[in-house]
Amino acid sequence: MQTVVEVRQGAGGSYPVLCGAGTAAALRGLWRPAWRQAAVVGDSNTAGRFGEPLAAALEPLVGRVPVLRFPAGERHKTRAVKLRLEDALLEAGLDRSACLVAVGGGVVLDLVGFVAATFMRGVPHVNVATTLLAQIDAAIGGKTGVNTPRGKNLIGAFHAPAAVLLDREALASLPAREMRNGLAEGVKHAAVADADLFDRLERWAASGGGLLPEPLLVRCVQIKAEIVGGDERDLGRRQTLNFGHTVGHAIERATRHRVPHGAAVAAGMLVEGAAARELCGFPEPDLGRLERLLRRLRLPVRPQCSFEAAAPYLHSDKKNVAGELRCALPLALGRMDPGDGSFVRAVQPRLLQRAWESRT
Ligand SMILES: NC(=O)c1ccc[n+]([C@@H]2O[C@H](COP(=O)([O-])OP(=O)(O)OC[C@H]3O[C@@H](n4cnc5c(N)ncnc54)[C@H](O)[C@@H]3O)[C@@H](O)[C@H]2O)c1
């Protein structure tokens, strides 16, 4: 494995994202003497397949390594599962010298990162990302948390990993639907930050797609790292990563998560893109290219519910301030509207409704 990027942190530190084959060897290689205990945590799909070999690789360094698991799926990213994991760690005798290894998609990494943030008032963790979405997005940036019945990610903490490991080969077993979810975030990374990557994604999709080529995956990782490295606490440019997400999260909630995250974000980018066309001159041809690329990748290009069904959830979005709806909007492919420096803009509900209805 080789380091593809160092993610900068506020206090002058950084952590590496390593990419390639040989996750177990890389994990052993970066293990620190101060980490005298370990636990590996995954979900019902990842703990056995990817987690057990990592635990075996660590045992010569730290003795017995428990492998903990919880049922796969977004609906298990909860406070209740966090409590169960914490009790299991305490029962296994882990203390503040432990390092947790999170193995899985964004659900596992968000949840285990949050456990690490509070266990013994904070222990280190390493993210081993096994979905495309986690590799190019969730594993990097230190946002951790759980959902509540009132909304996604409402309880959590900023707690950066000590390192991130990505093996593209792990994606071989990923269901096609999950691959598409990740691709939606890849398209978003390009749309917010890199017009050249957008061109390359178009060419790759036009030639038949398949497993995302390593150089494109690495560029997506670099974009996420560059953006969060300059804005760890989500106060400025990091907001651009929310393009498509104000609408996308509302669609997810209005459809009770029957529409997966990436599919909702794909439709969300087109609705918010249509709003940007009116509000900040996002060019019509760019909106057309965004739609064609998403269609080619077999992602939805129409909102999966009505504006009325989504409206209550739009109004409870975390980005809203004083009841005003806010979205991160593009000026052109690869360039986002900085607004007043917050990288979000107030959007009148009526304008968003018009944009929504223009996409149905
Ligand atoms: N922290 C962040 O910055 C950030 C960013 C984006 C998304 N997220 C969060 O990420 C979550 C979504 O992540 P996700 O899309 O990875 O979902 P996920 O973690 O639920 O994984 C999707 C499915 O794929 C399975 N899986 C994982 N790896 C596999 C593999 N290699 N082979 C076969 N099956 C595999 C999982 O068990 C699960 O069933 C959401 O909760 C979202 O809020 C966090």
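The values are calculated or read from the model by the stated rules, or taken from the named source; none is laboratory data. This is a predicted model, so every value here is computed, not measured. We place every Cβ from the backbone using ideal geometry, glycine too, and count neighbours over all the protein chains shown.
From the list Val103, Val67, Val115, Val81, pick out the single residue that is closer than 23 Å to Val221 by Cα, touching a helix residue (DSSP H, G or I) at 6+ places or on another chain (Cβ under 8 Å) and among the β-branched types (Val, Ile, Thr). Show your work before the answer.
Values: Val67 fails: closer than 23 Å to Val221 by Cα; Val115 fails: closer than 23 Å to Val221 by Cα; Val81 fails: closer than 23 Å to Val221 by Cα.
Every option except Val103 fails the conditions.
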Starting from the range 29-50, take each residue that is touching a residue at least 40 places away in the same chain (Cβ under 8 Å) and list its partners that are away from the ligand (no atom under 16 Å from the Cβ) and charged (D, E, K, R), counting only C-beta distances under 8 angstrom and pairs at least six apart or across chains.
Gln37/Asp95
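Being near the ligand (Cβ under 10 Å from one of its atoms) and either surrounded by fewer than 14 Cβ atoms within 10 Å (Cβ to Cβ) or farther than 16 Å from Ala157 by Cβ (or both) is the filter here, so list the residues in the range 71-88 that pass it.
First, pick out the residues of the range 71-88 that are near the ligand (Cβ under 10 Å from one of its atoms): 71-77.
Matches in the range 71-88: Pro71, Ala72, Gly73, Glu74, Arg75, His76.
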Within the range 137-180, track down each residue that is near the ligand (Cβ under 10 Å from one of its atoms), more than 17 Å from Ile227 (Cβ to Cβ) and surrounded by 24 or more Cβ atoms within 10 Å (Cβ to Cβ).
Thr144
Out of the residues in the range 294-303 meeting the condition of being in contact (Cβ under 8 Å) with a residue 12 or more places away in the chain and farther than 13 Å from Gly244 by Cβ, tell me which one is surrounded by the fewest Cβ atoms within 10 Å (Cβ to Cβ).
Arg302
Give the residues of the range 294-312 that are more than 20 Å from the chain's Cα centre (by Cα) and part of a helix (DSSP H, G or I), sorted by residue number.
Arg295, Arg296, Phe307, Glu308, Ala309, Ala310, Ala311, Pro312
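One line per residue, one yes/no per condition, for (1) in contact with a Leu (Cβ under 7 Å, 6 or more places away or on another chain); (2) among the basic types (Lys, Arg):
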| residue | (1), (2) |
| --- | --- |
| Asn127 | yes, no |
| Pro149 | no, no |
| Arg168 | yes, yes |
| Val187 | yes, no |
| Arg200 | yes, yes |
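Among the listed residues Arg49, Arg75, Arg84, which satisfies the condition of being assigned to a helix (DSSP H, G or I) and modelled with pLDDT under 95? Spell out the reasoning first.
Details: Arg49 fails: modelled with pLDDT under 95; Arg84 fails: modelled with pLDDT under 95.
After ruling out the rest, the residue left standing is Arg75.
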Taking the condition of being more than 22 Å from Gly20 (Cα to Cα) and either surrounded by fewer than 24 Cβ atoms within 10 Å (Cβ to Cβ) or among the small types (Gly, Ala, Ser) (or both), how many residues in the range 111-136 meet it?
10
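When the range 89-110 is examined, which residues are found to be surrounded by 17 or more Cβ atoms within 10 Å (Cβ to Cβ) and away from the ligand (no atom under 15 Å from the Cβ)?
Hits for the range 89-110 are Leu89, Leu94, Ala98, Cys99, Leu100.
Determine whether the range 268-282 contains at least one residue that is part of a loop (DSSP other than H, G, I, E, B), over 20 Å from the mean Cα position of the chain (by Cα) and in contact (Cβ under 8 Å) with a residue 24 or more places away in the chain. Give the derivation first.
Here is the first cut: in the range 268-282, the ones part of a loop (DSSP other than H, G, I, E, B) are 281-282.
Among the residues that remain, those that are also over 20 Å from the mean Cα position of the chain (by Cα) are: 281-282.
Those left that are additionally in contact (Cβ under 8 Å) with a residue 24 or more places away in the chain: 281-282.
Looking for residues that are part of a loop (DSSP other than H, G, I, E, B), over 20 Å from the mean Cα position of the chain (by Cα) and in contact (Cβ under 8 Å) with a residue 24 or more places away in the chain, one finds at least one in the range 268-282, hence yes.
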Name the pairs whose Cβ atoms lie under 9 Å apart, with the first residue in the range 319-330 and over 21 Å from Leu270 (Cα atoms), the second surrounded by fewer than 16 Cβ atoms within 10 Å (Cβ to Cβ) and among the hydrophobic types (A, V, I, L, M, F, W, C), and 6 or more positions between them or separate chains?
Val321/Ala346
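Mind listing whichever residues of the range 100-127 are touching a Ser or Thr at 6+ places or on another chain (Cβ under 6 Å) and closer than 16 Å to Ala72 by Cβ? Full working, then the answer.
Filtering the range 100-127 for residues touching a Ser or Thr at 6+ places or on another chain (Cβ under 6 Å) gives 103-105, 110, 113-114, 117.
Residues satisfying the conditions are Val103, Gly104, Gly105, Asp110.
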Members of the range 218-263 found to be more than 28 Å from Cys305 (Cβ to Cβ), outside any helix (DSSP H, G or I) and away from the ligand (no atom under 12 Å from the Cβ), listed by number:
Gly230, Asp231, Arg233, Leu235, Gly236
